[in-house]
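The values are calculated or read from the model by the stated rules, or taken from the named source; none is laboratory data. Nothing here was measured: the structure is a model prediction, and the numbers come from that model. For neighbour counting, all protein chains shown are included, and Cβ atoms are generated from backbone atoms with ideal geometry for every residue, glycine included. To get the accessible areas, we keep the full protein, side chains included, count just its heavy atoms, and leave off ligands, DNA and RNA. Shrake-Rupley method; radii C 1.70, N 1.55, O 1.52, S 1.80 Å.
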Amino acid sequence: MKHLAIAATVLVLAAGGSARADSVLVLNSEEASYSILSRTGRVELQRLPIGREPHHVVPSPNGKEIVVGSTATNELVFLDMHSGERRRIVRDIIDPYHLGFSPDGKWFVTTAYRLDHVDIFHADGFRLAGRIFIDGMPSHMAFDAASSTVYVTLQQSGRVAAFDLATQTLKWNVVVGEAPAGVVMLPDDKRLLVALTGEDGFVVMNPADGSVTGRLKTGKGAHNFWPKGDGRHWFLSNRVEGTVSLIDTAEMQVVASIRVPGGPDCMDISHDGRELWVTQRFLRRVAIVDLEQMKVVASVPVGKSPHGVFMLKPGAPVPTAAGPGPVRVRAVSTAGETR
């Protein structure tokens, strides 16, 4: 892959000594940085350095921290759930492209997209239980409700694989379509949805054996899911089409389509349920969708190739740095194919 030296700028704001608590975190995957945005102000408050190639973020089981995988530096970076401030680093986690905790909090799993393996850890202490090498660029993941199985998409080979968490063994590995990416287990624990980025929709799978039981067309480059929060409706970003689909999983149909240009990718919903924030990978921006109007009402500039997005927990002020001016932070990032 081609290595490029890039500079991330830390934005310094000193308005009253603290930023608003209604803040949003965005990972700038090709800039070795993350942005803190004001939700109500719709502006970037801070841009801070973080490893290299941060892609995805998940909350910790105790709800006090969020965990970022820094793939090129083989680190997990723990940030405060309220402020986004760095708290600690766990090292020697190899290429943690996608990451997740099992529902019971017992297991922690990472996918090494570049190195073709899936790592299963005991979440307590991040002790490696097993490493499973598997061809095909392991990408996104989902767990069953019992915390017994993790399902992993393999983007290059067009497959989905299921792994037993306790034994770290392969249960099944089946072909589903071109470039599978986002995967989600529905609340009934009987259906997996798998987005096909190389096609124009998603497939429905039986998690017991991996059989494909249905398909739905949404838009070109169907990539990643996010729950609306009612247990029935899910959003799906269509990166090539430049849209976000709203899917009724009971009727298995698209009930709305929202135009979001610039490679829509990861999403999160504001705590009041009024806005959907969508990273625009190709525009260095984050789109804000008003869910009552079902349209983009604003777009906030951030860093290069914004990927993961996370609504920080309200209730505590977000401190801002004080200083004479912007600070330049140099980092080397692996700028390969957009993932």
For this session: Inspect the stretch 144-166 for any residue being of a type in the set (D, E, K, R), surrounded by fewer than 20 Cβ atoms within 10 Å (Cβ to Cβ) and without any contact (Cβ under 8 Å) to a residue 40 or more places away in the chain and give the result as yes or no.
Result: yes
Problem set entry | Matching residues in the stretch 241-259 - criterion: being surrounded by fewer than 16 Cβ atoms within 10 Å (Cβ to Cβ) and either touching an Asp or Glu at 6+ places or on another chain (Cβ under 8 Å) or touching a residue at least 40 places away in the same chain (Cβ under 8 Å) (or both) | 252, 255
Exercise. If you take the residues in the stretch 114-126 that are open to solvent by 10 Å² or more (accessible area, probe 1.4 Å) and of a type in the set (D, E, K, R), which one is nearest to residue 96 (Cα to Cα)?
Worked result: 114
Exercise. Any residue in the stretch 85-98 that is under 14 Å from the mean Cα position of the chain (by Cα), open to solvent by 20 Å² or more (accessible area, probe 1.4 Å) and in contact (Cβ under 8 Å) with a residue 40 or more places away in the chain?
Worked result: yes
Seminar exercise, completed: Within the stretch 210-236, residues being over 19 Å from residue 259 (Cβ atoms) and among the charged types (D, E, K, R) number 3
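Confirm whether residue 111 is polar (S, T, N, Q), open to solvent by less than 50 Å² (accessible area, probe 1.4 Å) and either touching a strand residue (DSSP E or B) at 6+ places or on another chain (Cβ under 8 Å) or under 27 Å from residue 239 (Cα atoms) (or both). Even if it seems obvious, please write down each step before you answer.
Values: polar (S, T, N, Q): yes; open to solvent by less than 50 Å² (accessible area, probe 1.4 Å): yes; either touching a strand residue (DSSP E or B) at 6+ places or on another chain (Cβ under 8 Å) or under 27 Å from residue 239 (Cα atoms) (or both): yes.
When the stated conditions are applied, residue 111 passes them.
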For this session: Hey, could you check the stretch 56-79 for residues that are in contact with a Lys or Arg (Cβ under 7 Å, 6 or more places away or on another chain) and touching a residue at least 40 places away in the same chain (Cβ under 8 Å) and say which is surrounded by the most Cβ atoms within 10 Å (Cβ to Cβ)?
Result: 79
Problem set entry | Residue match in the stretch 50-69 (condition: in a loop (DSSP other than H, G, I, E, B), among the charged types (D, E, K, R) and farther than 26 Å from residue 283 by Cβ) | yes
For this session: Could you tell me whether any residue of the stretch 91-102 is over 21 Å from residue 195 (Cβ atoms) and aromatic (Phe, Trp, Tyr)?
Result: yes
For this session: For residues that are closer than 24 Å to residue 264 by Cα and open to solvent by 20 Å² or more (accessible area, probe 1.4 Å), scanning just the stretch 8-43, find the one that is modelled with the lowest pLDDT.
Result: 9
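Residue-wise test of (1) part of a loop (DSSP other than H, G, I, E, B); (2) among the basic types (Lys, Arg); (3) closer than 19 Å to residue 218 by Cα.
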| site | (1), (2), (3) |
| --- | --- |
| 262 | yes, no, yes |
| 267 | no, no, yes |
| 273 | yes, no, no |
| 287 | no, no, no |
| 292 | yes, no, no |
| 296 | no, no, yes |
| 304 | yes, yes, no |
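Filter the stretch 167-184 down to the residues that are in contact (Cβ under 8 Å) with a residue 40 or more places away in the chain and either among the polar types (S, T, N, Q) or under 15 Å from residue 131 (Cβ atoms) (or both) and list them by number.
Once the filter is applied, which keeps residues that are in contact (Cβ under 8 Å) with a residue 40 or more places away in the chain and either among the polar types (S, T, N, Q) or under 15 Å from residue 131 (Cβ atoms) (or both), the stretch 167-184 yields only 168.
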Problem set entry | the stretch 166-195, residues that are among the small types (Gly, Ala, Ser) and either over 25 Å from residue 123 (Cβ atoms) or outside any strand (DSSP E or B) (or both) | 166, 177, 179, 195
Exercise. Do the conditions hold for residue 212, that is, is it hydrophobic (A, V, I, L, M, F, W, C), out of contact with any strand residue (DSSP E or B) (no Cβ under 8 Å at 6 or more places or on another chain) and at negative phi?
Worked result: no
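Here is a yes/no grid of residues against (1) at pLDDT below 95; (2) farther than 20 Å from residue 25 by Cα; (3) of a type in the set (Gly, Ala, Ser):
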residue: 210; (1), (2), (3): no, yes, yes
residue: 247; (1), (2), (3): no, yes, no
residue: 250; (1), (2), (3): no, yes, yes
residue: 259; (1), (2), (3): no, yes, no
residue: 267; (1), (2), (3): no, no, no
Exercise. Consider residue 56 against the criteria (1) in contact with a His (Cβ under 7 Å, 6 or more places away or on another chain); (2) modelled with pLDDT under 95: it satisfies all of them except one. Which criterion is unmet?
Worked result: (2)
